[in-house]
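Nothing in this text is a laboratory measurement; each read-out follows from the coordinates by a stated rule. None of the values given here were measured: they were computed from a predicted structure. A quick note on method: Cβ atoms are made from the backbone with ideal geometry, for glycine too, and the neighbour counts reach across all protein chains shown.
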Amino acid sequence: MKNTSRLASHRIGFTLVELMIVISMIAVLALLVFMLGSRFKDNARSVTCSNNLRQIGVAFAGHQSDYNRFPGRETGMSWDRALFPYLGYGGNKSLAGEAAMTRTAWPELQAVAEIFACPSDRKPRRATHFKRSYSIIPWTTNWSNGTQFRGWKDRPYNVGVPLSIVDDPARAATVVEWHSGTSDGVENLLGSGGHAYHDRGGPDGPDDTVHGRKQIVLFADGHTEILPFMTNSEFVRKYWPGKLGTVD
């Protein structure tokens, strides 16, 4: 008669091969969960960034309604400062100027500042200041762009452009991401001007992983698009209104 208890004892537990298979399956499942979690977080950050730009688009519409033009440097303030009243800022301080705003001097701007900060912007900024992840595109204020010019030569430079003269607002980009921090020579900080009028074609570079190597762009009609990264020249050719030529 066979010893059934001995046979049963041999069947209890896993063999080494079976154990290795189980461990491998657990590792694969953990990796899939991690990848899905990372993708979910990336998508959530992209959605927040798009919503930020849409709010900025609504603020542009309010500014156009009141002044019949985009914010221009003739106002004596940076483009973002000109939009603060349309984004919930109700303070009594003058918004004039183009200097970067500090947290200690402008604590009431915390909520508004969040609209100008993309959660995918990883570039370090000074802790004393609010970061800005976006940049207005120079055609909106008829601004000279180095050796090239894209705008309207019958209009004064550095003066906000009326939306009514744009032929196709749905293809006229107004704001792009520009992630620039302390290690880049020029920080993109809330309230600062000059360098903020930039024609950057993407958030960091074609090899960056921001938004899956894409850029989120706000257009003059208020909608946003997630576009593949492109060079400045390609971006200007596709998404700037006006005419290309040399500055007189």
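At a glance:
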| quantity | calculated |
| --- | --- |
| Nearest-0.05 FRET efficiency for Met25 and Glu114, computed from C-beta distance (R0 45 Å) | 0.60 |
| Among the listed pairs Lys93/Lys131; Lys41/Lys123; Lys41/Lys214; Lys153/Lys214, those beyond 22 Å (Cα-Cα) | Lys153/Lys214 |
| Residues with amide H under 5 Å from that of Leu189, placed H, sequence gap 5 or more | Arg132 |
| Packing rank of 83-95, 165-177, where each peptide gets the mean count of other beta carbons within 10 Å, highest leading | 165-177, 83-95 |
